[in-house]
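Colleague: Okay, here's the structure, questions in a sec.
The values are calculated or read from the model by the stated rules, or taken from the named source; none is laboratory data. Bear in mind that the values here come from a model prediction, so they are computed numbers and not experimental data. Positions of Cβ are backbone-derived with ideal geometry, glycine not excepted, and every protein chain shown enters the neighbour counts.
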Amino acid sequence: MPAPITLDRFILEGQRANPGATGELSLVLVRLGVAGKRIARELALADLRRTHGSAGTENVQGEVQKKLDVRANDILVETFDYGGLVSFVASEELEEPHVYRKDAADARYAVLFDPLDGSSNIDVNGTLGTIFSIRPRRDGTEADLLRPGTEQVAAGYVLFGPAVLFVYTIGHGTHVFVLDPGIGEFVLVRRDVRMPEQGRGYAVNEGRRAGWSEADRAFVDYLKGRDEATGRPYSTRYSGSMVGDVHRILLEGGIYLYPADAASGKTSGKIRVLYESHPLAFVIEQAGGRASTGRARVLDVTPRKLHDRIPVAIGSLSEIALYERFARGEAPAPPSVPPVE
């Protein structure tokens, strides 16, 4: 049986194939793999250590932080506090970027992350994830980050489920690794994933339906209508963890969407541009899918602030094209059979 291809081996072999590579990006990715393993251990032991529940604090968006949100954020900040690879990090949980002072003045990269996506699942042992994005450092200020998603040099996520997965891209395909607990290493299981052009599932929080636009409501109703010719009805697969839902769609096709929600005041959407939208869009596009606001490519969006949000649809080519038709008011004819509830 051939030796497993571990994450560090895969990254380093890719580096050797690129004559211009200096190795710093490889080291940043390897460190993210280590951080993922540390967070996985914290999650596995949370019941025993009694680290579930609220931390009694709020993040910059006014959301109540869980103890494990804070711990995951601390782990990621600590991960780059040596070696001079990263000049600063920005997090969904921090109001301002954390700047490394020691030998990082000339570091080539900045790292952004959502430390623990799906926090509502923490106390019920549901699916969770860590999302990351790596960008080139320019002048070492916040302005380095307020740029379109096309400027990412790498992005990915760690998915904490029945298995722990590490998924990433550096702009040359999307690759999936699974944590082998026997050797304590991430091992390659899917190289250069290709998404189906059309799926059979959709993920959206339909409890927020009252605040959606008419176009968003009509789109979801269309997916639920019966029509064998177009493969409908679609099955709903919403878990409360964007990483978990997007990962399913990466492998099976379909669409994840989080529309603007006027009823709850999220008229610009809920999903953060820098910490969720850009990195997941990069991963999905490198697997042959698309990510859209309904009117624009997500990777072309330039945020004005660190914590800007946008409405997001991520998925297969067919579903995203259809969603954009609804957003433009070009909806297909309604289903001949009412939506399946």
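Colleague: Among the numbered criteria (1) of a type in the set (S, T, N, Q); (2) out of contact with any Ser or Thr (no Cβ under 7 Å at 6 or more places or on another chain); (3) surrounded by fewer than 21 Cβ atoms within 10 Å (Cβ to Cβ), which single criterion is violated by THR174?
Modeller: With respect to (1) of a type in the set (S, T, N, Q); (2) out of contact with any Ser or Thr (no Cβ under 7 Å at 6 or more places or on another chain); (3) surrounded by fewer than 21 Cβ atoms within 10 Å (Cβ to Cβ), THR174 is out only on (3).
Colleague: Checking ARG209 against (1) surrounded by 15 or more Cβ atoms within 10 Å (Cβ to Cβ); (2) in contact (Cβ under 8 Å) with a residue 12 or more places away in the chain; (3) on the phi < 0 side of the Ramachandran plot, which test does it fail?
Modeller: Exception for ARG209: condition (2).
Colleague: While we're here: If I go through the range 224-250 residue by residue, how many of them are under 30 Å from THR169 (Cα atoms), in contact (Cβ under 8 Å) with a residue 60 or more places away in the chain and not small (Gly, Ala, Ser)?
Modeller: Qualifying residue count, the range 224-250: 6.
Colleague: Within the range 236-268, can you find the residues that are part of a helix (DSSP H, G or I), crowded, with 19+ Cβ neighbours inside 10 Å and among the aliphatic types (A, V, I, L, M)?
Modeller: Within the range 236-268, MET242, VAL243, VAL246, ILE249, LEU250 qualify.
Colleague: Determine which single condition GLY184 fails, assuming it passes every other condition in (1) surrounded by 15 or more Cβ atoms within 10 Å (Cβ to Cβ); (2) small (Gly, Ala, Ser); (3) under 23 Å from ARG71 (Cα atoms).
Modeller: Of the numbered conditions (1) surrounded by 15 or more Cβ atoms within 10 Å (Cβ to Cβ); (2) small (Gly, Ala, Ser); (3) under 23 Å from ARG71 (Cα atoms), the odd one out for GLY184 is (1).
Colleague: Return yes or no: is GLY265 under 27 Å from PRO115 (Cβ atoms) and modelled with pLDDT under 95?
Modeller: Against the criterion (under 27 Å from PRO115 (Cβ atoms) and modelled with pLDDT under 95), GLY265 qualifies.
Colleague: Looking at the range 113-143, which of its residues are of a type in the set (Asp, Glu), part of a helix (DSSP H, G or I) and farther than 19 Å from ALA163 by Cα?
Modeller: Within the range 113-143, just GLU142 meets the criteria.
The rows are residues; the columns are (1) out of contact with any His (no Cβ under 6 Å at 6 or more places or on another chain); (2) modelled with pLDDT of 95 or more; (3) β-branched (Val, Ile, Thr).
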residue: VAL193; (1), (2), (3): yes, yes, yes
residue: ALA218; (1), (2), (3): yes, yes, no
residue: LEU223; (1), (2), (3): yes, yes, no
residue: GLY231; (1), (2), (3): yes, no, no
